Amino acid sequence: MKIIHFEEISSTNKYIKENYDSLENFTFVVADYQSDGKGRENRSWISPSNENLLFSFLIKDKKLFQDYKALSIGTATLVGRFLEFIGIENVMIKWPNDVYVNDKKICGILLEGNIEKYIALGVGLNVNQATFKGEYRVTPTSIRKELGKDIDVESLKVLLFEFIMKHMNQKGFKSHTLKFYQKHDYLLGKTVSISNITGKVQGITENFDLLIDDKIISSGEIN
């Protein structure tokens, strides 16, 4: 595992996309501040400097990156498992890859890349942020707010990176991902709208597609 640290960068995902050829598998790029961080649907992800954990990691192992849906949801479930490991309760995963705690969003994930060559997985995890200004589609929370104490971001970073690399490389990663998701499915039983389809979520398939009534949804934005 290699860690590259920046005090400030436009985007850790962008850095990986521009340099993946010269970087090794499971290179983690972390920044104290991102000036042009992005979330899903090209939404901005702005975080105060040094308060949260903003990073991307590179997957060049074809066995992993060719199954990109398992990789995307798998990253969310690993963050969820890690949060439980450090004592946070009521962790849920919202398809396709958001992590919620007590109905509030604590982590977002953005997958980008070229599925023939590499995948960059960008993660924004709220750690020490205590107040969130502005308007949000979903009320945010942080590890500090949930545990009621300040967190050593540097120590947390190393533990999380090791946790991700260890479990993503383990045999049965896909089945463990599916099992955890099914037990922590935020949307299960809820009525949602996506891709002009409205219905009740029945869960996800073995291929990590969303099941709404009898319809299978492979991608899209939940409303």
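The values are calculated or read from the model by the stated rules, or taken from the named source; none is laboratory data. Since this is a predicted model, take the numbers as computed values, not measurements. Here the Cβ is made from the backbone with ideal geometry for all residues, glycine too, and neighbour counts use every protein chain on show. These accessible areas exclude ligands, DNA and RNA; they are computed on the full protein's heavy atoms, side chains included. Shrake-Rupley method; radii C 1.70, N 1.55, O 1.52, S 1.80 Å.
Mind telling me which of Glu24, Glu154, Glu51 comes out most flexible in a GNM of the chain, alpha-carbon contacts under 10 Å?
Glu154
Students often forget the sequence filter, so: which lysines lie under 22 Å Cα-Cα from Lys62 once same-chain residues fewer than 8 apart are removed?
Output for Lys62: Lys2, Lys14, Lys17, Lys117, Lys166, Lys171, Lys174.
If you roll a 1.4 Å probe over the chain with all protein chains in place, what percent of the accessible area is carbon or sulfur?
Carbon plus sulfur share of accessible area: 44 percent.
Taking the alpha carbon gyration tensor of the chain, what are the square roots of 5 times its eigenvalues, largest first, to the nearest whole Å?
25, 21, 17
Name the residues whose placed amide hydrogens come within less than 5 Å of the amide hydrogen of Trp95, ignoring near sequence neighbours (fewer than 5 apart) on the same chain.
Those qualifying (amide H under 5 Å, at least 5 residues apart or on another chain) are Tyr186, Leu187.
Taking Lys200 as the anchor, which aspartates and glutamates have their alpha carbon closer than 16 Å to its alpha carbon, excluding any fewer than eight residues away along the same chain?
Candidates past the 8-residue exclusion: Asp185, Asp209, Asp213, Asp214, Glu221.
With both bridge residues required to lie in the chain, what share of the DSSP beta bridges run antiparallel, to the nearest 5%?
80
Peptides 172-178, 217-223, 106-112: what's the order by average Cβ count within 10 Å, highest mean first?
106-112, 172-178, 217-223
Per residue, how many Å² of accessible area does the chain show with a 1.4 Å probe?
Accessible surface, normalised per residue, equals 49 Å².
Which whole-number percent is the relative contact order of the chain (Cα, under 8 Å, 6+ apart)?
Relative contact order of the chain: 17 percent.
Just report the Cα centroid separation between segment 62-77 and segment 107-150, whole Å.
18
Can you return the lysines within cross-link range of Lys145? Criterion is Cα-Cα under 21 Å, with same-chain partners fewer than 8 residues away left out.
Here the lysines satisfying the reach criterion relative to Lys145 are Lys94, Lys104, Lys105, Lys133, Lys157.
Please list 87-95, 191-199 highest first by mean number of surrounding beta-carbon atoms within 10 Å per residue.
Going from most to least packed, we get 87-95, 191-199.
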